[in-house]
1. Is it the case that the range A:209-218 has a residue that's at pLDDT 95 or above, within 14 Å of DNA strand C (Cβ to nearest atom) and open to solvent by less than 30 Å² (accessible area, probe 1.4 Å)?
2. For the range B:188-214, how many residues are more than 8 Å from DNA strand D (Cβ to nearest atom) and over 19 Å from residue B:29 (Cα atoms)?
3. Using beta carbons and a limit of 7 Å, which pairs, at least six apart or on different chains, have the first residue in the range A:204-218 and within 14 Å of another protein chain (Cβ to nearest Cβ) and the second one near DNA strand D (Cβ under 9 Å from one of its atoms) and part of a strand (DSSP E or B)?
4. Residues A:106, A:75: which one is open to solvent by 60 Å² or more (accessible area, probe 1.4 Å), touching a Lys or Arg at 6+ places or on another chain (Cβ under 6 Å) and farther than 19 Å from residue A:139 by Cβ?
5. Pick out the one residue from A:133, A:100 that is surrounded by 19 or more Cβ atoms within 10 Å (Cβ to Cβ) and under 27 Å from residue B:153 (Cα atoms).
6. Taking the range A:45-56 as the region of interest, how many residues are facing another protein chain (nearest Cβ under 7 Å) and open to solvent by 20 Å² or more (accessible area, probe 1.4 Å)?
7. Based on this model, can you work out whether residue B:116 counts as of a type in the set (Lys, Arg), in contact (Cβ under 8 Å) with a residue 24 or more places away in the chain and assigned by TED's automatic domain parsing to the domain that holds residue B:81?
8. Find the residue count for the range A:181-204, including only residues that are surrounded by 10 or more Cβ atoms within 10 Å (Cβ to Cβ), touching a Ser or Thr at 6+ places or on another chain (Cβ under 9 Å) and assigned to a loop (DSSP other than H, G, I, E, B).
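The values are calculated or read from the model by the stated rules, or taken from the named source; none is laboratory data. The structure displayed is predicted, hence computed values, not measured ones. All Cβ positions, glycine included, derive from the backbone under ideal geometry; neighbour counts span all protein chains shown. What goes into the accessible areas is simple: the full protein's heavy atoms, side chains included, and nothing from ligands, DNA or RNA. Shrake-Rupley method; radii C 1.70, N 1.55, O 1.52, S 1.80 Å.
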Number of protein chains: 2
Amino acid sequence: MSNPTVQAEHAKQNIKLAVDNCIFTVKDGKLFILLIKMKSKLQGMWALPGGLIKDTETIGAAAQRILKQETGLSDNYLEQLYTFSQPNRDPFARVISTAYFALIPDANIELKPSPKYDDVRWYPVKKLPELAYDHNHIVKYAKQRLEWKISYTNAAWSLLPEKFTLTELQKVYEAILNKKLDKRNFRKKIDKVGLLKETKQTKLEGAHRPAKLYEFSSKKKKIVEII
Amino acid sequence: MSNPTVQAEHAKQNIKLAVDNCIFTVKDGKLFILLIKMKSKLQGMWALPGGLIKDTETIGAAAQRILKQETGLSDNYLEQLYTFSQPNRDPFARVISTAYFALIPDANIELKPSPKYDDVRWYPVKKLPELAYDHNHIVKYAKQRLEWKISYTNAAWSLLPEKFTLTELQKVYEAILNKKLDKRNFRKKIDKVGLLKETKQTKLEGAHRPAKLYEFSSKKKKIVEII
DNA sequence: TTAGTATGTGTATATAAGACACTAACATAA
DNA sequence: TTATGTTAGTGTCTTATATACACATACTAA
């Protein structure tokens, strides 16, 4: 708070602060988001995993905590998205929520439905159910940001395992941008960006020429203008 | 809030929610930001104008309210920037602040120091004083966003008056990107983007050929890739 | 040995970016 | 009235980037 004269109003403010996570992954060439099924209140509705901020943690730490709670993962791509504050977004209380978005690699993660929820599932973003609160709106926003991120930064790396083929990488782009890309032009660009290095391994999967496996030479966030 | 099971924790949360505005303008080829001088607490320090959110307003409305309070302006470019939540960012209370950034046209606005502050001033962003709280950090973030915005969207329009010359437009870009641009290439791009229309007026200012005045054919926010 | 399938590669064309210098139209002063 | 100073306004050539497009390769399975 930057304005000391309003400190007196502190006592009056009655707003809660929460975080909601948009956790994305790409699987079989399709983009998925992690949803939970609510128990009490709005029971049975699907929603983004989230929760209140603790008094001593940053919002980012809260997002991280919830991500770990639901997926067991830490050290992932996690980025603040936007803070949603419509007064009526939560019918039970005035709750302002900062949305985060996370990218996790092709998730063979077993989702252990925490006791807090009735269910936890990966949903294809193309056919989402009606979600609780303003969560459909949040997801829409997150999808746009994801599209941008993957086009202009190296964020796609976070959606892939340690080693992967160029076709797998291309499928990640196609799933998120929702369109086919030309194989040769795609590889030219990836090559020019120069963040990949060839490994000596190949991946043989099906009755055809085996594919070379690549890995990232660095995982630092970078702005790269890929597509 | 998306998680009903934590509703019980509501009573425990003790966090205040504020907004801080980064209000930019360009004047005489230089980029300025609006700062206020604080009265009580951290007295004498300069800071971003801000304040607590009201229980019934969105954060955006709060930002709008504060912008109007300080500049008298409404209907300006105003956009959410980021939510800052370091637990120790305010030494007096746990306050989480959502920063907004605003662009206003060459400000012949008279700044009426509201009774809440000791002073209100435009500061050149190149030489800012030490600011209260984490506001230097916020401003740094805002500057980056501004640079991006002006390069990839038509946001620059918001920094100019109704009618303006191409040289004035170029100066806005140069001030924000902090580098000289080539006049002919700049005009070629602006022309290609196609958002300007010529007026029949000219502007004569000094002993030289008068400049044509232009105006925007639309002020809707657009992504345009200008520079 | 053949058929089927995904991998891997190059070139030519179109579009965009960047570097660069002179004439035009005004005010002012001699 | 003429000369000087000042910013406005314009075009071309070169280089880099983007896009469109087709065939040989290396494996499995029948």
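1. First, pick out the residues of the range A:209-218 that are at pLDDT 95 or above: A:209-215.
Right, trim to within 14 Å of DNA strand C (Cβ to nearest atom) and you get A:209-215.
Retained after the next criterion (residues that are open to solvent by less than 30 Å² (accessible area, probe 1.4 Å)): A:213.
Yes, there is a match, as at least one residue in the range A:209-218 is at pLDDT 95 or above, within 14 Å of DNA strand C (Cβ to nearest atom) and open to solvent by less than 30 Å² (accessible area, probe 1.4 Å).
2. Residues that pass the stated criteria total 12.
3. none
4. Values: A:75 fails: touching a Lys or Arg at 6+ places or on another chain (Cβ under 6 Å).
On inspection, the qualifying residue turns out to be A:106.
5. Values: A:133 fails: under 27 Å from residue B:153 (Cα atoms).
Going through A:133, A:100 in turn, just one is surrounded by 19 or more Cβ atoms within 10 Å (Cβ to Cβ) and under 27 Å from residue B:153 (Cα atoms): A:100.
6. 2
7. Working: of a type in the set (Lys, Arg): yes; in contact (Cβ under 8 Å) with a residue 24 or more places away in the chain: yes; assigned by TED's automatic domain parsing to the domain that holds residue B:81: yes.
Here the answer is yes, as residue B:116 does meet what is asked.
8. 1
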